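Chemist: Supplied in structure tokens, the structure appears directly below.
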Amino acid sequence: MFGFVPESSFEEAAPVLAAATASIPPFTARLRGVRAFTHRDGSTVWLDPASGGPEPWAALRAALERGFPNCQGRSDGYTPHLALGKVRDPERFTADWETRLGEETAPVGELVLLSRRGEEPMRPRATVALGAGEVRWLDHGTHPPGSPPDPARTPEDGHGEDDSGEARAREVVERLRSSLTEGVVHVAGSRRLGCALPGADLDLVAALPSTADLTDLTAVEARVRTALPEATGLRRVIGARVPGLRFRVGDLDVDLVVIPVTAATTATDTTGDTEGTAVTGVAGAVNVTPAEAVSRRVELGEASAIALSAVSDADAVLASVGEHRAAFAGLARKVKAWARARGLDSAPFGGLPGLAWTVLAARTVREAGDLPPGDLLRHFFGTWAAWDWHRPISLGPEALIPRTEGTPTIPGTEGTPTGLDSPVTDPGEPPIGAKGSPEGSDGPARSDRSARSDRSDGSGRSSDGRPGAAVSIMTPTAPVRLCSEQVGSGGRDLLAQEFYNAWEIVEAASETGRDPRPELLSAPPSHRRHAAWAVVTVRAGRSEGFEVTLGRVRGRMRALLTALEYARVRDAHAWPRPFETGPGIARYAVGLGRTPPDAAGLTEITAPWAAGLRGVGVEWAEGGEVPTLD
């Protein structure tokens with residue numbers, strides 16, 4: 001049959017196949033006789049599977065033609081065949097191969113849906129059982145051919161990074177602290193929380209006195225080079241709220257944010273955009289020592305306070321789970337590995353940042369109590385699969401969340417609970433049932449989940465026109481603000497879908513006793529979700545390093561998704577890792593959903609976005625032109 005159905009339509013095609021073949025029972029094929037199809041450039045040699053009679057094959061063919069009338073095939077009829085290979089002189093092979101192969105019988109019990117992605121060979125994606133019509137998708141627990149499983153996606157229960165990775169991170173921290181003795185170097189992020197996955201970055205926040213010989217980022221950079229002479233790729237972070245450095249030690253990526261304190265000038269925010277950026281002017285006339293920087297961060301200006309809250313937020317998350325830190329760390333690792341596998345873990349690409357995932361995990365641990373790891377994971381997915389994403393999420397009472405239009409502004413420190421470093425332990429939420437669903441129900445209803453996700457037009461506004469965040473997950477400590485502002489309405493709907501699918505997986509695994517991790521950590525069915533792609537190609541330029549250009553594009557990726565949302569491309573999803581890399585080049589895929597714009601429409605949407613980015617191009621590609629994303 002010709003007139004192929006694209007993989008993005010497989011979910012619609014599968015039930016049609018099931019209905020079309022319900023009346024076709026399994027049968028036995030007799031394979032005997034080697035034949036050849038002759039082409040202009042050679043011949044295809046094939047084994048005859050219909051030597052026992054063409055009737056069952058003809059009946060199957062007729063049923064498929066009724067289900068897919070636009071795929072009628074060639075006018076010269078249909079010949080059942082099992083291709084063996086291509087040759088130039090078939091007569092030399094057919095008689096010899098027929099003698100060697102002889103006669104065999106084989107049961108025919110299912111159809112297989114095949115597709116090709118990029119330059120990969122044709123591969124099976126699903127099976128449909130003859131007679132029964134059962135559809136079985138084959139994309140759970142798979143990886144692209146030739147690629148080893150990502151260790152960050154396969155954490156064992158209760159284990160994060162291996163000892164060598166942890167030791168390397170500790171050594172880097174100790175050497176930086178020894179070099180920056182005038183200040184305080186804090187570990188932040190997943191390593192402070194104890195839930196780092198293998199290969200996780202090392203996030204550091206350095207509070208440095210502006211009265212020392214560190215008034216210029218150049219001086220800090222020199223100290224880092226002295227402390228870590230083996231560091232590679234050392235560069236300044238461009239366009240950040242506060243200055244910082246990024247570098248690599250072995251296979252460990254390090255992000256160092258620099259916060260000046262004890263300044264005597266009026267409050268300003270630095271950006272780190274230029275060479276020789278001055279690390280001064282954020283503390284006003286208030287004297288704040290490096291040791292006090294975290295606890296008195298709101299006195300240092302908005303940008304510095306936000307950067308330092310990476311430390312206080314992590315401590316508040318740990319405080320919120322109390323004695324259940326081990327359970328929290330294990331759950332957070334599993335959840336973050338799942339989010340990474342499903343492409344949901346990168347804020348610049350429209351996903352949730354690490355802090356948001358740990359807030360969700362902490363809420364689950366705090367509410368679930370002492371549950372075994374498997375039940376705790378079920379509780380996590382059940383809770384958030386049933387969640388109304390128009391409700392804000394925090395580690396404090398819902399009543400204390402700032403009620404503002406759009407992103408909450410920084411509250412003051414006039415003794416309000418939002419200015420405390422320790423979160424209030426009362427979650428202010430209704431009890432959760434045994435399976436992680438509200439009011440003890442049997443689980444989240446798919447219809448309810450869909451109804452909760454249809455209130456926005458994709459522009460970041462609710463249906464009545466008021467501006468508002470699609471997902472509202474709040475930071476635990478002051479400045480209290482959204483840590484989920486990068487998620488648009490399409491990203492919210494994708495989150496809801498992924499949470500529900502994961503809940504179904506862990507529930508089914510619980511009933512059968514199997515390990516749910518292979519399915520949870522499989523790549524998402526991106527090629528079934530997207531009929532076309534926007535391929536973003538980043539090339540090295542002459543005026544700046546490639547990593548700088550790449551960082552600039554990553555920082556603007558959310559703006560591209562916003563442009564697509566305003567153009568009513570509601571189900572766009574940017575895959576957060578490049579599908580192709582090489583010297584001075586990286587290519588990213590942005591899925592355009594089931595009803596994508598055409599090439600001209602995509603150019604109209606993306607041209608203003610790409611115009612300000614040197615060395616960056618956006619091209620339209622059909623669904624099958626992009627390889628498997630993993």
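The values are calculated or read from the model by the stated rules, or taken from the named source; none is laboratory data. Remember, it's a predicted structure, so these values are computed and weren't measured experimentally. Methodologically, a virtual Cβ is constructed for each residue, glycine included, from the backbone with ideal geometry; neighbour enumeration extends over all protein chains shown. Just the protein is used for accessible areas: all its heavy atoms, side chains included, with ligands, DNA and RNA removed. Shrake-Rupley method; radii C 1.70, N 1.55, O 1.52, S 1.80 Å.
Chemist: Residue by residue through the range 490-507, note down the ones that are surrounded by fewer than 24 Cβ atoms within 10 Å (Cβ to Cβ) and either of a type outside the set (A, V, I, L, M, F, W, C) or modelled with pLDDT under 95 (or both).
Modeler: Residues satisfying the conditions are Gly490, Arg492, Asp493, Gln497, Glu498, Tyr500, Asn501, Glu504, Glu507.
Chemist: Let me ask something additional. For Ala59, only one of the following conditions fails: (1) more than 13 Å from Phe27 (Cα to Cα); (2) surrounded by 14 or more Cβ atoms within 10 Å (Cβ to Cβ); (3) not acidic (Asp, Glu). What is its number?
Modeler: (1)
Chemist: If you don't mind, another one. One residue is enough: does the range 561-568 have a residue meeting the conditions surrounded by 21 or more Cβ atoms within 10 Å (Cβ to Cβ) and of a type in the set (D, E, K, R)?
Modeler: Residues of the range 561-568 that are surrounded by 21 or more Cβ atoms within 10 Å (Cβ to Cβ), as a first pass: 561, 564-565.
Then keep just the ones that are of a type in the set (D, E, K, R); that gives 565.
Checked the range 561-568: at least one residue is surrounded by 21 or more Cβ atoms within 10 Å (Cβ to Cβ) and of a type in the set (D, E, K, R).
Chemist: Continuing with this model, one more query. Looking at the range 385-403, which of its residues are crowded, with 19+ Cβ neighbours inside 10 Å and either modelled with pLDDT of 95 or more or under 25 Å from the mean Cα position of the chain (by Cα) (or both)?
Modeler: Ala385, Ala386, Trp387, Trp389, Ile393, Ser394, Leu395
Chemist: Same structure, new question: If Thr28 satisfies every condition in (1) over 28 Å from Val626 (Cβ atoms); (2) at pLDDT 90 or above; (3) of a type in the set (Ser, Thr, Tyr); (4) surrounded by 15 or more Cβ atoms within 10 Å (Cβ to Cβ) but one, which is the exception?
Modeler: With (1) over 28 Å from Val626 (Cβ atoms); (2) at pLDDT 90 or above; (3) of a type in the set (Ser, Thr, Tyr); (4) surrounded by 15 or more Cβ atoms within 10 Å (Cβ to Cβ) applied to Thr28, the lone miss is (4).
Chemist: Oh, and also: Out of everything in the range 71-121 that is assigned to a loop (DSSP other than H, G, I, E, B), loosely packed, with under 11 Cβ neighbours inside 10 Å and over 40 Å from the mean Cα position of the chain (by Cα), what residue ends up being modelled with the lowest pLDDT?
Modeler: Per the stated criteria, the residue is Ser75.
Chemist: Now for a separate question. Working only within the range 42-70, note down all residues that are aliphatic (A, V, I, L, M) and assigned to a helix (DSSP H, G or I). If you could, list the steps in order and put the result at the bottom.
Modeler: Going residue by residue through the range 42-70, those that are aliphatic (A, V, I, L, M) are 45, 47, 50, 58-60, 62-64.
Those that are aliphatic (A, V, I, L, M) and assigned to a helix (DSSP H, G or I): Ala58, Ala59, Leu60, Ala62, Ala63, Leu64.
Chemist: Kindly indicate whether Val294 is under 30 Å from Asp163 (Cβ atoms), part of a loop (DSSP other than H, G, I, E, B) and either open to solvent by 10 Å² or more (accessible area, probe 1.4 Å) or at pLDDT 90 or above (or both).
Modeler: Spelling it out, Val294 is indeed under 30 Å from Asp163 (Cβ atoms), part of a loop (DSSP other than H, G, I, E, B) and either open to solvent by 10 Å² or more (accessible area, probe 1.4 Å) or at pLDDT 90 or above (or both).
Listed here are the residues, each with its yes/no results for (1) under 21 Å from Asp255 (Cβ atoms); (2) assigned to a helix (DSSP H, G or I); (3) open to solvent by 10 Å² or more (accessible area, probe 1.4 Å); (4) at pLDDT 95 or above.
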site: Val321; (1), (2), (3), (4): no, yes, no, yes
site: Phe328; (1), (2), (3), (4): no, yes, no, yes
site: Lys334; (1), (2), (3), (4): no, yes, yes, yes
site: Leu355; (1), (2), (3), (4): yes, yes, yes, yes
site: Leu371; (1), (2), (3), (4): no, no, yes, no
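Chemist: Restricting attention to the range 149-191, which residues are of a type in the set (A, V, I, L, M, F, W, C) and at pLDDT below 65?
Modeler: Correct list: Ala152 only.
Chemist: Does Arg577 count as within 19 Å of the chain's Cα centre (by Cα), surrounded by fewer than 19 Cβ atoms within 10 Å (Cβ to Cβ) and modelled with pLDDT of 95 or more?
Modeler: When the stated conditions are applied, Arg577 passes them.
Chemist: Please pick out the residue among Arg241, Arg236 that is at pLDDT below 95, among the basic types (Lys, Arg) and open to solvent by less than 60 Å² (accessible area, probe 1.4 Å).
Modeler: Among Arg241, Arg236, only Arg236 is at pLDDT below 95, among the basic types (Lys, Arg) and open to solvent by less than 60 Å² (accessible area, probe 1.4 Å).
Chemist: Now for a separate question. Given (1) open to solvent by less than 20 Å² (accessible area, probe 1.4 Å); (2) at pLDDT 85 or above; (3) not in a helix (DSSP H, G or I), where does Asn287 come up short, assuming only one miss?
Modeler: Of everything listed in (1) open to solvent by less than 20 Å² (accessible area, probe 1.4 Å); (2) at pLDDT 85 or above; (3) not in a helix (DSSP H, G or I), Asn287 misses just condition (1).
Chemist: Scan (1) under 27 Å from Val288 (Cβ atoms); (2) open to solvent by less than 50 Å² (accessible area, probe 1.4 Å); (3) outside any loop (DSSP other than H, G, I, E, B) for the single condition Gly165 breaks and write down its number.
Modeler: Every listed condition holds for Gly165 apart from (1).
Chemist: Here's a follow-up. Does Ala314 satisfy the criteria of being under 19 Å from Arg517 (Cβ atoms), open to solvent by less than 10 Å² (accessible area, probe 1.4 Å), in contact (Cβ under 8 Å) with a residue 12 or more places away in the chain and in a helix (DSSP H, G or I)?
Modeler: Criteria not met by Ala314.
Chemist: Within the range 591-613, is there a residue that is touching a residue at least 60 places away in the same chain (Cβ under 8 Å), assigned to a strand (DSSP E or B) and surrounded by 19 or more Cβ atoms within 10 Å (Cβ to Cβ)?
Modeler: Scanning the range 591-613, I find at least one residue that is touching a residue at least 60 places away in the same chain (Cβ under 8 Å), assigned to a strand (DSSP E or B) and surrounded by 19 or more Cβ atoms within 10 Å (Cβ to Cβ), so the answer is yes.
Chemist: Does Gly382 count as in a helix (DSSP H, G or I) and under 21 Å from the mean Cα position of the chain (by Cα)?
Modeler: yes
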